[in-house]
Every structure is written in C-alpha cells, then in structure tokens.
Amino acid sequence: MNALVVYESMFGNTRQLAEAVADALRSSGAATTLAPAAAAPADLTGFDLIVVGAPTHAHSLPRASTRIEATKWASDPAKALHLEPGAAGPGIREWLDRLIALPLPHPAVALFSTRADIPRIFSGDAASAMKKRLRVLGSETDAHAEFLVDLHNRLTHGEEQRIRDWVTHLIPVGGR
C-alpha cells in the first residue's frame, strides 16, 4: 500500500498526530509520504490511501484570517505557544483547492481534525469542511475522527495513542 499523509498545523498538535499516523502506517508496511499541505502533491495518482489532518478554526478549516489570529496568539508570551514553520502560509484549504480530481480508482480517504476539548457544537470540526470539499471532487470519505486539544492548545492525554489505534482501522480500507 502507498499512503500519503497531508497536514496543516499551527502549534504542532496536528503535525504531531500526522507524524504518528505516518509512523503507524510505516510500521504496518505501507510506503508512506508525510507532507505539510504547502508541499503536498496535487497529483494523487499512485496513492492507495490519503490521510488528511487539519486544526479546526472558527468551526472550519483554517483560512488567512484565522492564521493571522494564530500568529497573534503565538506572539503572546502568556500563552507559551510556538508557531509551526509555514503556519501562516497555505494550508489544507488551499491544497484541496489545488486538487483537480482524484485518480480512478479513487484512493481511500481518511480525515482527522484537532479541535478544542469543548462541545463540538461550539468548536465545529475541520473534517466536515474537508469532507464537503472532497465530495465535490467525487470522493467519499472512508473514515474520519476528531482529536482534542485542551484550552492551552496542548493535545489532551492519550490522543497520540488514540490516533495510532485509529490508523490500525484504516489499513484494510487503504488495502482495497
């Protein structure tokens, strides 16, 4: 199986989870490419499984205005946040816009998002926005999951293990 893991990350949480996904896929024997959205390929030919991860900003995918807000948060010493390299640049929203169509047969697609550990109705979920954009390209999502960060923008306890466990359920999906 040939897998692609694409992610966008502001403060490192989504990147950390994407790295765990890539590691778990590699451990299962999948040839795996890990790429930030700005460097991810627009041609998905040859991939059996695409895993996409993004943080949830204002109920959806990050956009220019929410990336600017994240930069402001990172500049506040009281928040103790470190902005990821390239966080202010293009992300998953722009990568999905670059995709023209998914190759046939369609690769399996799995989505994950990070969001605040508050009721979903208040935070939203970036995976829902990704799912809608992929549907326009003719692809259905085979799996999606949400992973939580606390109110200090740190992954909640156990989330990295939970995503590794989630990946084990993706292997049969991607092995079609």
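The values are calculated or read from the model by the stated rules, or taken from the named source; none is laboratory data. For clarity, every value in this text was computed on a predicted model and none was experimentally measured. No Cβ is skipped: glycine too gets one built from the backbone with ideal geometry, and neighbour counts run over all protein chains shown.
Here is how the numbers come out for the structure above:
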| read-out | value |
| --- | --- |
| Condition met for H106 (of a type outside the set (S, T, N, Q), outside any loop (DSSP other than H, G, I, E, B) and modelled with pLDDT under 95) | no |
| Among (1) surrounded by 19 or more Cβ atoms within 10 Å (Cβ to Cβ); (2) of a type in the set (G, A, S); (3) outside any loop (DSSP other than H, G, I, E, B), the one test that A78 misses | (1) |
| Close pairs (6 angstrom Cβ cut-off, 6 or more residues apart or separate chains): under 14 Å from L102 (Cα atoms) in segment 121-133, part of a helix (DSSP H, G or I) anywhere | R133/L96 |
| Residue in segment 45-52 that is within 30 Å of M1 (Cβ to Cβ), among the aliphatic types (A, V, I, L, M) and not in a strand (DSSP E or B) present | no |
| Pick from segment 97-136, criterion under 14 Å from V149 (Cβ atoms) and hydroxyl-bearing (S, T, Y), ranking: surrounded by the fewest Cβ atoms within 10 Å (Cβ to Cβ) | S123 |
| Tally of residues being part of a helix (DSSP H, G or I) and either farther than 16 Å from G53 by Cβ or among the acidic types (D, E) (or both) across segment 114-131 | 3 |
| Some residue of segment 75-87 being closer than 19 Å to S123 by Cβ and out of contact with any Asp or Glu (no Cβ under 9 Å at 6 or more places or on another chain) | yes |
| Test result for A70, closer than 13 Å to N13 by Cβ and in a helix (DSSP H, G or I) | yes |
